[in-house]
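As structure tokens, the structure follows; a few thoughts come after it.
The values are calculated or read from the model by the stated rules, or taken from the named source; none is laboratory data. What you see is a predicted model, and the numbers here were worked out from it, not measured in a lab. Note that each Cβ is placed from the backbone with ideal geometry, even for glycine, and that neighbours are counted across all protein chains shown.
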Amino acid sequence: MTSILALDQGTTSSRAVMVHQDGRILAQAQHEFPQHFPAPGQVEHHPADLFESTLQAAREAIAAAGEHPVAIGITNQRETVVCWDRRTLEPLGPAIVWQDRRTTDRCADLKRQGVEPLIRRKTGLVLDPYFSATKVEHRLRDPDLRRRAERGEVAFGTVDSWLVAKLTGGLHLTDPTNASRTMLYDLGSRSWDPELLELFSVPAAMLPDIVPSSGVMGESAPEWFGRPILIAGNAGDQQAALFGQGCALPGMAKNTYGTGAFLLLYTGDEVPEAPGGLLATVACDPRGGIGYALEGSVFIAGAVMQWLRDGLGIVATAAESERLAESVPDTGGVSFVPAFVGLGSPHWEPEARGTITGLTRGTTRAHLVRAALESMAHSSRDLLEAMLDGTGLTIPRLRVDGGATANRWLMQFQADLLGVSVERPDYVETTALGAAALAGLAVGVWPSLEAFVAGRRFEVSEPRVGPAERERWVRGWRRAVDATLHWARG
Ligand code: ADP
């Protein structure tokens, strides 16, 4: 038997998955850990919790699989900042989580100083507290920590680095996908950027070495699993999911339909120009080397179903939405733009709010529910279109994952709306799959990404409508979005 252990350290839980060479999932285990909210807008994790929940899940998955993995692949919540003592591996303070907004004012200051274009050009990111740089800068306001950091006694890293340090007993590494989310990494030169380090006053001595996402980077100390295991894969969660879905050629994309939707389009081996509201980021090429992707999100996707259920009470469960949508031939002219928190890319209008257009006396809850489901597909299409327009690429298909992909009607509508097939793998923890693939490629468990993906079965929704019908749908949606924008700007 030959298997890989994927460790997926997420924002609310840590998961471990044993993936067999033939693609079977041998075992998985998952542990939640506490979230800390010390003040409004602040989110922290205890680094010890991150490691221990991961370790516990790993031990359980190995025990349940009944075999030792040949290698470990790591994937993680991105951007979250951890500092620790290089010698003792003691955490120095809490992890500041990607969701944490405490550096909002600092970002506003930096914008006023006019540095955003520089940051955008080098990192592909937007100047926002989301990314690591202002978070580590904030930690270094502690004079003791700064003094020690300047002496080289303090290590800084994203969560992957922290796990590698703990697992190996002190290696200090990261991979290019994680590095590209720190706002300290230059996409073009593929290295930490001295100008950005200076801007954020981050001593270079704190930073991890950047090693390939796929490749043996060390081995776990024998104390953790009874024997050493090679650590051979590492990528941030979204890039791991893209890779796990087999998307490593220009024009291949994955969309995750969760609370929001998360779309990544692999663009190739040159840094892409990111249209407004989108990010350019490092992704993994077919061998796990450096490639690039465009990344963007739809703020409200599955959340619209939660609102219909909990806010309006017109569906009992999200699953019921599928039956309701199927019970009517169309939305009866209703469009639903769920801009509850503004409209994202490509419209970018923070003042927008949810809008329902085209109501008549004949409108029923089935029409509303159907329009809500359609909105998830339309918002995703808008985002994808912005990416494709910017790059000149076309997509052969869309790979999908996330909770709302359980809705087959939605997947069919998405295929019809895009005019390409929509493919959902039999195992939707694609983040863990990507980490396994990166490690397995490095140690020869799979000869290629294609061979890895051949272990999956995909449920395929083929487009069934012609371009005229599609155009009509898009026109209806645009009209509703225009109404939403008009209201927001009126
Ligand atoms: P997250 O990881 O963001 O919490 P999940 O991937 O677990 O999200 O997906 C949950 C989301 O999917 C919820 O917003 C829920 O309303 C939506 N969802 C779940 N099942 C369905 C369904 N059958 N049809 C439509 N939406 C669904």
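Quick look at the numbers
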{"item": "Identity of the residue in region 1-56, in a strand (DSSP E or B) and of a type in the set (Ser, Thr, Tyr), that ends up farthest from ILE96 (Cα to Cα)", "result": "SER3"}
{"item": "Among (1) of a type in the set (D, E, K, R); (2) under 23 Å from GLY124 (Cβ atoms); (3) not assigned by TED's automatic domain parsing to the domain that holds ALA451 - the single one GLU270 does not satisfy", "result": "(3)"}
{"item": "Residue among ASP310, ASP330 that is assigned by TED's automatic domain parsing to the domain that holds THR364, assigned to a loop (DSSP other than H, G, I, E, B) and not hydrophobic (A, V, I, L, M, F, W, C)", "result": "ASP330"}
{"item": "Answer from THR168, THR104, THR174 - the residue that is in contact (Cβ under 8 Å) with a residue 40 or more places away in the chain and under 28 Å from GLU270 (Cβ atoms)", "result": "THR174"}
{"item": "Qualifying residue in region 346-360 (condition: among the aromatic types (Phe, Trp, Tyr) and touching a strand residue (DSSP E or B) at 6+ places or on another chain (Cβ under 7 Å))", "result": "no"}
{"item": "Residue list for region 427-458, filter: away from the ligand (no atom under 16 Å from the Cβ) and either surrounded by fewer than 19 Cβ atoms within 10 Å (Cβ to Cβ) or at pLDDT below 95 (or both)", "result": "GLY444, PRO447, SER448, GLU450, ALA451, ALA454, GLY455, ARG456, ARG457, PHE458"}
{"item": "Exclusive hit being out of contact with any Gly (no Cβ under 7 Å at 6 or more places or on another chain), farther than 30 Å from ALA61 by Cβ and crowded, with 18+ Cβ neighbours inside 10 Å, set GLY476, GLY466, GLY419", "result": "GLY476"}
{"item": "Boolean, GLY362 is part of a loop (DSSP other than H, G, I, E, B) and surrounded by fewer than 24 Cβ atoms within 10 Å (Cβ to Cβ)", "result": "yes"}
{"item": "Of all residues making up region 281-324, the number that are over 23 Å from the mean Cα position of the chain (by Cα) and on the phi > 0 side of the Ramachandran plot", "result": "1"}
{"item": "Filter result (more than 18 Å from GLY260 (Cα to Cα), loosely packed, with under 13 Cβ neighbours inside 10 Å and hydrophobic (A, V, I, L, M, F, W, C)) within region 306-353", "result": "LEU312, ALA316"}
{"item": "Hits in region 177-225 (condition: on the phi > 0 side of the Ramachandran plot and without any contact (Cβ under 8 Å) to a residue 60 or more places away in the chain)", "result": "GLY218"}
{"item": "Residue in region 155-166 that is over 17 Å from LEU7 (Cα atoms), in contact with a Gly (Cβ under 9 Å, 6 or more places away or on another chain), part of a helix (DSSP H, G or I) and among the aliphatic types (A, V, I, L, M) present", "result": "no"}
{"item": "Filter result (of a type in the set (A, V, I, L, M, F, W, C) and in a loop (DSSP other than H, G, I, E, B)) within region 77-117", "result": "LEU89, LEU92, VAL97, TRP98, VAL115"}
{"item": "ARG120 being within 25 Å of GLU195 (Cα to Cα), among the basic types (Lys, Arg) and assigned to a helix (DSSP H, G or I)", "result": "yes"}
{"item": "All positions within region 232-278 that are surrounded by fewer than 24 Cβ atoms within 10 Å (Cβ to Cβ), in contact (Cβ under 8 Å) with a residue 60 or more places away in the chain and of a type in the set (D, E, K, R)", "result": "GLU273"}
{"item": "Residues within region 140-154 that are part of a helix (DSSP H, G or I) and surrounded by fewer than 24 Cβ atoms within 10 Å (Cβ to Cβ), tallied", "result": "7"}
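Conditions (1) under 28 Å from GLN56 (Cβ atoms); (2) not assigned by TED's automatic domain parsing to the domain that holds VAL97, marked per residue:
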{"position": "LEU173", "(1), (2)": "yes, no"}
{"position": "THR177", "(1), (2)": "yes, no"}
{"position": "SER180", "(1), (2)": "no, no"}
{"position": "ARG190", "(1), (2)": "no, no"}
{"position": "GLU198", "(1), (2)": "no, no"}
{"position": "ALA205", "(1), (2)": "no, no"}
{"position": "GLY218", "(1), (2)": "yes, yes"}
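This table checks each residue for (1) more than 16 Å from the ligand (Cβ to nearest atom); (2) over 30 Å from SER191 (Cβ atoms); (3) in contact with a Pro (Cβ under 9 Å, 6 or more places away or on another chain).
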| position | (1), (2), (3) |
| --- | --- |
| GLU270 | yes, no, no |
| GLY277 | yes, no, yes |
| VAL315 | no, yes, no |
| PRO338 | no, yes, no |
| HIS347 | yes, yes, no |
| PRO350 | yes, yes, no |
| GLY362 | yes, yes, no |
| ARG365 | no, yes, no |
